[in-house]
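The structure appears below as structure tokens.
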Amino acid sequence: MWTSDGLGSSVSRSLWLRYNSLGGNVADADTLNMLVTGAIWRAEQLQAQGIRANEAWAEVSSWEEQLACLFPQTDPEGRIARRGAVRAALKSGDPERAEALADRYLAEKGTSKEFKAGLREILDDATQALANHFPYAAKRYGVRAAQGFARQIKTSGAFGLAA
Amino acid sequence: METVSFYSYKGGVGRSLLVAHAARFLAMLGNRVVVADFDFEAPGLHYKFRVAAPFSGGVVSYLLATSDDASAPPALNAHVLDLDTARIAGEAEFETGPVWLMPAGPAPKPEYWADLQALGDRLPFGDPSGRGLLAVLDLHARLEQELEPDYLLIDARTGITELGSLAATVLSDTVVTMVTPTLESIEGTTVVIQALQSAKRLEGKGPIRVVPVLARVGKKFDPWVQTGLDGIREMCSTERLIRLPHDPKVLNSELMGWMGALPLAYTQLLQEIFPSRGTQMGQR
């Protein structure tokens, strides 16, 4: 999470200490909101400078997920946090986590149709963006299939020898 | 399009030269051939084709261009060289097929290494997001669609690497696996052949055909070498291993490059690797 160097470290250091003082457990909403804001700022700064920001977005997703635990999806803040967790997971290059979060949120009781459609749209938009970017591969294999295959490769290593 | 990767567990076995000769051989039979250099860390296939004029582009800069957020894929013709196949045919009275070369890049120029480093940062091939794999699959499918080759020949990275694995286990229909009569080569190659034969495949792709080629061959082997080679032969269900003899004429073929006559040893070997392609020049 927080590191002693890198962009934005001064922004979130005090917040990080506050979070840690709670034993790393779910903090209060104000603290989490500030952590999310700092993490988003850091991720955007990294991106603006052409630096890989996957870990920073993963941090955003993690804070958003914790915020989502504090608010039900019937609450506007809860919906924002849930969407944010899924979006940030996608930006971190982890579609598997994004889909898992979305599945969890879609399965919650009392979820509105609008909210469900919005979550699905986030996932579909990300898939479509990749399909537009890699049209030949998307047409031949499908983006989701290729992503699933990439995860298998990642797990089993080069030539499957690390499986 | 049949995709054929040429792989060796250890380097220095004459893999790139075999790729270049295979392209000539298949073109002389009238096939349309694309050759791609996926040996990013030690690229040299363009030397085998005697690419004289300075060039830019290649696989690395193409993939790098796909790593940004540009909506349109980069122009393919800026990264692929259309080789003058009339030079293959010489005075012969047969029609050769076209050969396109997609080098890794203009190595050893500094800009190539800068691109390679940027590619590693921006498009890791093992990225779980799938972007790295999608980029390689996209290039593969695009080469097939736009150039309509009969063959795509890939000079794959030596050793156990993500890129070598992608080329061999994901893209390829056939993997020509070069092995030398040394214990490290035999044991490493044995492991790789087992991996190729059990590799998970994308939907629509069948099992990989593995063709072992014994390179740098002397006349006799130690018994333990023979035992290892027999094991590879049995794994690949072949009666005998295709051999590339250690011959001065073979070495000279590198000096002759693209212009020289295809040495008999290569012709015989390539007829065994591509048995269904006939022997009449110009026949399609």
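Would you confirm whether or not the stretch B:76-90 contains a residue that is part of a loop (DSSP other than H, G, I, E, B) and modelled with pLDDT of 90 or more?
Step one: filter the stretch B:76-90 for residues part of a loop (DSSP other than H, G, I, E, B), giving B:79-80, B:84-85, B:90.
Right, trim to modelled with pLDDT of 90 or more and you get B:79-80.
Yes, the stretch B:76-90 has at least one match.
Looking only at residues in the stretch B:159-168 that are within 8 Å of chain A (Cβ to nearest Cβ) and crowded, with 23+ Cβ neighbours inside 10 Å, the one that is nearest to B:Pro207 (Cα to Cα) is B:Ala168.
Taking each residue of the stretch B:187-199 that is facing chain A (nearest Cβ under 7 Å) and surrounded by 19 or more Cβ atoms within 10 Å (Cβ to Cβ) and looking for partners that are of a type outside the set (Lys, Arg) and assigned to a helix (DSSP H, G or I) with beta-carbon atoms closer than 7 Å, six or more apart or interchain, yields B:Val192/A:Phe159; B:Ala195/A:Phe159; B:Ala195/A:Gly160; B:Ala199/A:Gly160; B:Ala199/B:Thr169.
Within the stretch B:125-158, restricting attention to residues that are assigned to a loop (DSSP other than H, G, I, E, B) and more than 9 Å from chain A (Cβ to nearest Cβ), which residue is farthest from the chain's Cα centre (by Cα)? Step through it out loud before you land on a result.
Applying the first criterion (assigned to a loop (DSSP other than H, G, I, E, B)) to the stretch B:125-158 yields B:125-130, B:148-150, B:156-158.
With more than 9 Å from chain A (Cβ to nearest Cβ) added as a condition, the list becomes B:148-150, B:156-158.
Working: B:Glu148: 18, B:Pro149: 15, B:Asp150: 14, B:Ala156: 5, B:Arg157: 9, B:Thr158: 11 Å.
Step by step, filter the stretch B:125-158, then rank; the result is B:Glu148.
Scan the stretch B:205-212 and give yes if some residue there is outside any strand (DSSP E or B), in contact with a helix residue (DSSP H, G or I) (Cβ under 6 Å, 6 or more places away or on another chain) and within 14 Å of chain A (Cβ to nearest Cβ), otherwise no. There is at least one residue in the stretch B:205-212 that is outside any strand (DSSP E or B), in contact with a helix residue (DSSP H, G or I) (Cβ under 6 Å, 6 or more places away or on another chain) and within 14 Å of chain A (Cβ to nearest Cβ). Could you tell me whether any residue of the stretch B:216-225 is in a strand (DSSP E or B) and either of a type outside the set (Asp, Glu) or more than 12 Å from chain A (Cβ to nearest Cβ) (or both)? Yes, because at least one residue in the stretch B:216-225 is in a strand (DSSP E or B) and either of a type outside the set (Asp, Glu) or more than 12 Å from chain A (Cβ to nearest Cβ) (or both).
Of all residues in the stretch A:65-97, those satisfying the criterion of being within 23 Å of B:Asp127 (Cα to Cα) and acidic (Asp, Glu) are A:Glu65, A:Asp94, A:Glu96. For B:Pro73, the conditions (1) in contact (Cβ under 8 Å) with a residue 24 or more places away in the chain; (2) within 18 Å of the chain's Cα centre (by Cα) are fulfilled apart from (2). Condition first: at the interface with chain A (Cβ under 10 Å from one of its Cβ atoms) and either assigned to a strand (DSSP E or B) or touching a residue at least 24 places away in the same chain (Cβ under 8 Å) (or both). Can you find one or more residues in the stretch B:108-118 that meet it? The answer is yes; a qualifying residue exists.
Each row is one residue, and each column tells you yes or no for (1) more than 21 Å from B:Leu116 (Cα to Cα); (2) buried (at least 19 other Cβ atoms within 10 Å of the Cβ); (3) in contact with a Cys (Cβ under 6 Å, 6 or more places away or on another chain).
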residue: B:Leu26; (1), (2), (3): yes, yes, no
residue: B:Val33; (1), (2), (3): yes, yes, no
residue: B:Phe38; (1), (2), (3): no, yes, no
residue: B:Val59; (1), (2), (3): no, yes, no
residue: B:Pro74; (1), (2), (3): no, no, no
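Residue count for the stretch B:264-279, restricted to those that are assigned to a loop (DSSP other than H, G, I, E, B) and either at pLDDT 75 or above or among the basic types (Lys, Arg) (or both): 1. Against the list (1) closer than 27 Å to A:Ala39 by Cα; (2) modelled with pLDDT of 90 or more; (3) facing chain B (nearest Cβ under 10 Å), the condition A:Ile122 fails is (3).
Table: residues versus (1) more than 10 Å from chain B (Cβ to nearest Cβ); (2) at pLDDT 95 or above; (3) more than 19 Å from A:Phe149 (Cα to Cα).
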residue: A:Gly78; (1), (2), (3): yes, no, yes
residue: A:Ala81; (1), (2), (3): yes, yes, yes
residue: A:Gly84; (1), (2), (3): yes, yes, yes
residue: A:Arg87; (1), (2), (3): yes, yes, yes
residue: A:Gly93; (1), (2), (3): no, no, no
residue: A:Ala102; (1), (2), (3): yes, yes, yes
residue: A:Gly110; (1), (2), (3): yes, no, yes
residue: A:Ala126; (1), (2), (3): no, no, no
residue: A:Phe134; (1), (2), (3): no, no, no
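Taking B:Leu255 as the residue in question, decide whether it is at pLDDT below 75, part of a loop (DSSP other than H, G, I, E, B) and closer than 30 Å to B:Val51 by Cα. Judged against the criteria, B:Leu255 is not a match.
Only one residue in B:Val213, B:Val179, B:Val217 is in contact with a Pro (Cβ under 7 Å, 6 or more places away or on another chain), under 21 Å from B:Phe274 (Cβ atoms) and buried (at least 19 other Cβ atoms within 10 Å of the Cβ), so which one is that? Lay out the reasoning, then the answer.
Values: B:Val213 fails: in contact with a Pro (Cβ under 7 Å, 6 or more places away or on another chain); B:Val217 fails: buried (at least 19 other Cβ atoms within 10 Å of the Cβ).
Selected residue: B:Val179, the only one of B:Val213, B:Val179, B:Val217 that is in contact with a Pro (Cβ under 7 Å, 6 or more places away or on another chain), under 21 Å from B:Phe274 (Cβ atoms) and buried (at least 19 other Cβ atoms within 10 Å of the Cβ).
Tallying residues that are free of Cβ contacts under 8 Å to residues at least 12 places away in the same chain, within 22 Å of the chain's Cα centre (by Cα), at the interface with chain B (Cβ under 7 Å from one of its Cβ atoms) and surrounded by fewer than 20 Cβ atoms within 10 Å (Cβ to Cβ) within the stretch A:136-155 yields 2.
The values are calculated or read from the model by the stated rules, or taken from the named source; none is laboratory data. As the structure is a prediction and not an experimental result, all values here were calculated from the model. With ideal geometry, Cβ positions are generated from the backbone for all residues, glycine too; neighbour counts draw on all protein chains shown.
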